[in-house]
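Have a look at the structure below, then the notes.
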Amino acid sequence: MKIIVTGAAGFIGSNLSESLLKSGHEVTGIDNLSYGSMRNIQKFLNEKNFRFIKADLKESAALEDCSGDILVHLASQKIPRYSSAMLTLNENAILLKNVLDKCLREKCKLVFASTSDIYGKNPDIPYSEKSNIVLGPTTVKRWAYAISKIYAEQLIMAYNTELDLQYTIMRFFGSYGPNQNLTWWGGPQSVFIAKALKNEPIEIHGDGMQTRTFTFVNDTVQGIEKCMFHPASKNEIFNIAANPDEEITIADLGTMIWKLINGENSEPLINFIPYSSFGNYEDVRRRVPDITKIKNMLGFKPVFSLSAGLSDTIAWQRTVKEEE
């Protein structure tokens, strides 16, 4: 099949593109390289079934010179902890509108990357696709990202109802692995690994007791491909995540990474950074997925444990560090 991937030089986009090419699909990757890297796609850049377009999706013309049976929309602005809520809200809306128009014109299926962040601080764990959305006050800008994705989900479903757009919505839970961004944009793993490799204190925000359920990128890609190709994925929403029993506190994540790098008997160096350092910020205390729906309907099954996935990620990040 012909596949268009937005954000193709980014973390998930590059891993997905590589997997699709190995399966014999034709992939057109689009990225403006604001967060992605040519390094991520270098190994398959010259393959005959891959075409890369450097373009900014804020411009509708970015999608004019390509066609596909499925468009996987991964490009996005994320939580504005270090940036602007206006940027997150405006850019995500503009990108979505251009993608929706493209899919309607060419009658291609939209596979959209949403986020577990839309569940907000709902205390009812685990989160299923039917769980309530519980966000904090609008005066806290960290909710701008969740709001942009909630808006996107609603708009996609409205396009289906009124214009017959075919879609699948994916809610990712904390993906990590090779090609991840090496700043906080990529999540805590990359930053924790970088600190531990240098034998420097790992910086943990808040008290470290907030929990997450992290998903190794190979499992994320498996879930995306199920959402792309499985007939039962049509016009549905799915959580894509690791097993719920992989829930871990951020403090324990830091300790695990430290010991994987510096040895089981080494004493982790950890500094706790108060949330007040980020201004008016609000974190989510627990985030645990229910993956019953995607397992039963699409046959998804996470393969990687957290320790195995982190070991592979550390090995990759060592090589990147050596190349610098």
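The values are calculated or read from the model by the stated rules, or taken from the named source; none is laboratory data. Computed from a predicted structure; not experimentally measured. Positions of Cβ are generated from backbone atoms using ideal geometry, with glycine treated the same way; all protein chains shown enter the neighbour counts.
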Is it true that some residue in segment 55-69 is at pLDDT 95 or above, over 16 Å from C108 (Cβ atoms) and crowded, with 19+ Cβ neighbours inside 10 Å?
no
Which one of G24, G29, G36, G68 is of a type outside the set (V, I, T), farther than 16 Å from I169 by Cα and in contact (Cβ under 8 Å) with a residue 60 or more places away in the chain?
G68
Would you call N262 closer than 28 Å to K198 by Cβ, in contact (Cβ under 8 Å) with a residue 40 or more places away in the chain and not β-branched (V, I, T)?
yes
How about segment 33-70: which of its residues are within 16 Å of S14 (Cβ to Cβ), within 19 Å of the chain's Cα centre (by Cα) and of a type in the set (A, V, I, L, M, F, W, C)?
L33, M38, I41
Search result, residues across segment 241-256 that are aliphatic (A, V, I, L, M), within 16 Å of P201 (Cβ to Cβ) and either assigned to a strand (DSSP E or B) or in contact with a strand residue (DSSP E or B) (Cβ under 7 Å, 6 or more places away or on another chain) (or both)
I250, A251
When the residues of segment 283-299 are filtered to those that are outside any loop (DSSP other than H, G, I, E, B) and buried (at least 18 other Cβ atoms within 10 Å of the Cβ), which remaining residue is farthest from the chain's Cα centre (by Cα)?
L298
Residue among I193, I156 that alone is more than 24 Å from S114 (Cβ to Cβ), aliphatic (A, V, I, L, M) and surrounded by 21 or more Cβ atoms within 10 Å (Cβ to Cβ):
I193
From the option list I240, I261, I250, single residue qualifying as within 14 Å of F300 (Cα to Cα), at pLDDT 95 or above and buried (at least 17 other Cβ atoms within 10 Å of the Cβ) is I240
Do we find a residue being more than 30 Å from L298 (Cα to Cα), aromatic (F, W, Y) and in contact with a helix residue (DSSP H, G or I) (Cβ under 8 Å, 6 or more places away or on another chain) anywhere in segment 162-172?
no
Could you grab me the full set of residues in segment 70-85 that are buried (at least 17 other Cβ atoms within 10 Å of the Cβ) and either more than 21 Å from N181 (Cβ to Cβ) or out of contact with any strand residue (DSSP E or B) (no Cβ under 7 Å at 6 or more places or on another chain) (or both)?
I70, L71, Q77, K78, I79, P80, A85
Within segment 1-35, the residues that are of a type in the set (G, A, S), at negative phi and buried (at least 24 other Cβ atoms within 10 Å of the Cβ) are A8, A9, G10, G13, S14, S17, G29
Whichever residue in segment 36-54 is of a type in the set (A, V, I, L, M, F, W, C) and part of a helix (DSSP H, G or I) and, among such residues, is surrounded by the fewest Cβ atoms within 10 Å (Cβ to Cβ)
M38
Segment 102-127, residues that are surrounded by 14 or more Cβ atoms within 10 Å (Cβ to Cβ) and assigned to a loop (DSSP other than H, G, I, E, B):
C108, K121, N122, I125, P126
Given the residues S76, S83, S17, which is the only one that is within 29 Å of A146 (Cβ to Cβ), of a type in the set (S, T, N, Q) and without any contact (Cβ under 8 Å) to a residue 12 or more places away in the chain?
S83
Inside segment 153-186, can you point out the residues that are touching a strand residue (DSSP E or B) at 6+ places or on another chain (Cβ under 6 Å) and in a loop (DSSP other than H, G, I, E, B)?
Q166, F173, G174, G177
